[in-house]
1. Could you give the size of the charge dipole of the chain about its Cα centre, using +1 on the Cβ of each K and R and -1 on the Cβ of each D and E, expressed in debye and rounded to the nearest 20?
2. If the chain between S2 and H203 were fully stretched, how many nm would it gain, using 0.36 nm times the residue separation less the Cα-Cα distance?
3. Taking the Cα-to-Cβ direction at T109 and at R178 and moving 7 Å from each Cα, how far apart do the two end points lie in nm?
4. As a footprinting exposure proxy, order K132, K112, K124 by other Cβ within 10 Å, with the fewest listed first.
5. Can you find, among V223, V171, I152, the residue farthest towards the positive end of the dipole of the chain? Put +1 on the C-beta of Lys and Arg, -1 on that of Asp and Glu.
6. Could you let me know the centre-to-centre spacing of region 127-178 and region 1-31, using Cα atoms, in angstrom?
7. Once you put a point 7 Å from the Cα of Y18 and another 7 Å from the Cα of A187, both along the Cβ direction, what distance in nm separates them?
8. For D75 and S222, compute 0.36 nm times the residue count separating them, minus their Cα-Cα distance, and round to one decimal in nm.
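Computed from the coordinates by the stated procedures, all read-outs in this text should not be read as laboratory data. All figures in this text were calculated on a predicted structure; none of them were measured in a lab. Note: ideal-geometry Cβ built from the backbone for every residue, glycine included; neighbour counts use all protein chains shown.
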Amino acid sequence: MSEPAIRIDHLHVRFDEYYVLQDIHAEIQEESFVAIVGPNGAGKSTLLRTLLGLVIPTEGNVTIFGKEPRNVPADRIGYVPQIKTMDRSFPAQSIELVLTGLNRRWPWTKSKEDYEKALAALEKVGAAHLAKRALSKLSGGELQRVCLARSIVRQPRLVMLDEPATGIDAVGEADMYRDLELYRREAKATVVMITHDWHVAMHHADRVLLINQKQISFDAPSVALSEENLRRAFGHIGHEHGLLSLVKSNG
Ligand SMILES: Nc1ncnc2c1ncn2[C@@H]1O[C@H](COP(=O)(O)OP(=O)(O)OP(=O)(O)O)[C@@H](O)[C@H]1O
Ligand SMILES: [Mg+2]
């Protein structure tokens with residue numbers, strides 16, 4: 001069997017005296033779609049940042065395509081960070097943000113070739129019409145699409161997304177998953193996505209990594225998101241989210 005896209009080997013991450021991640025272990029095969037699910041503060045973003053080489057493991061290790069994250073060529077990985085706040089007041093267009101995905105710096109000059117690549121990425125996510133729009137004028141959902149375009153502009157083999165549906169309405173969200181799925185198939189890419197949405201994890205992922213500091217499950221969605229596992233991860237299951245009915249309908 002070929003080297004997995006991601007190997008997480010007994011990973012522990014501690015900040016000060018506090019363990020944020022304990023003994024996470026998983027192998028994510030190439031071309032699969034994995035959802036990372038867990039409550040607020042479970043360590044999901046920290047796990048993704050460890051896979052990007054932005055956080056160093058306290059114990060254990062992770063490899064991406066068989067290499068340490070820091071040694072993976074940057075064009076292999078696309079990343080959509082969790083948007084908490086972003087200063088969008090500076091005068092810049094959407095396409096300029098996408099161009100930073102090609103060069104990792106602000107495009108003071110842009111070649112015709114790069115510009116066309118950036119436009120093609122915007123087209124792929126149905127956002128070509130936003131290319132020249134000022135970032136400050138984008139809606140939350142439009143900004144997320146532009147960030148998605150930025151993450152795939154270099155045709156990465158691995159795309160990691162931290163709650164990419166934040167601020168997107170239901171129709172826009174469905175479109176975004178369709179575009180992501182199309183990209184995954186076309187580029188034979190692996191997708192790892194953090195989501196709070198059970199339905200999304202259930203319907204789009206091949207496997208779900210359920211964590212709350214410790215690993216609860218890494219399995220097929222219907223197994224990982226069992227009622228018992230969700231109670232272990234979240235402490236209780238909210239009726240308000242229709243979660244119980246989802247879990248029950250799932251068997
Ligand atoms: N650099 C850091 N230094 C110290 N503590 C941190 C740091 N980064 C994250 N933490 C803490 O680690 C815990 C996990 O944070 P993380 O952002 O990974 O959670 P999350 O599962 O992504 O949560 P959310 O669903 O709210 O995005 C939190 O308690 C957070 O305060
Ligand atoms: Mg997070």
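1. Around 740 debye, computed over the chain.
2. Extra length available between S2 and H203 comes to 69.7 nm.
3. Result for the modelled spin labels: 4.1 nm.
4. Working: K132 10, K112 7, K124 19.
The most exposed by this proxy come first: K112, K132, K124.
5. I152
6. Each part's Cα centre sits 27 Å from the other's.
7. It works out to 3.4 nm between the two label points.
8. Values: separation 147, 0.36 × 147 = 52.92 nm, distance 3.34 nm.
Taking D75 through S222 to full extension adds about 49.6 nm, to one decimal.
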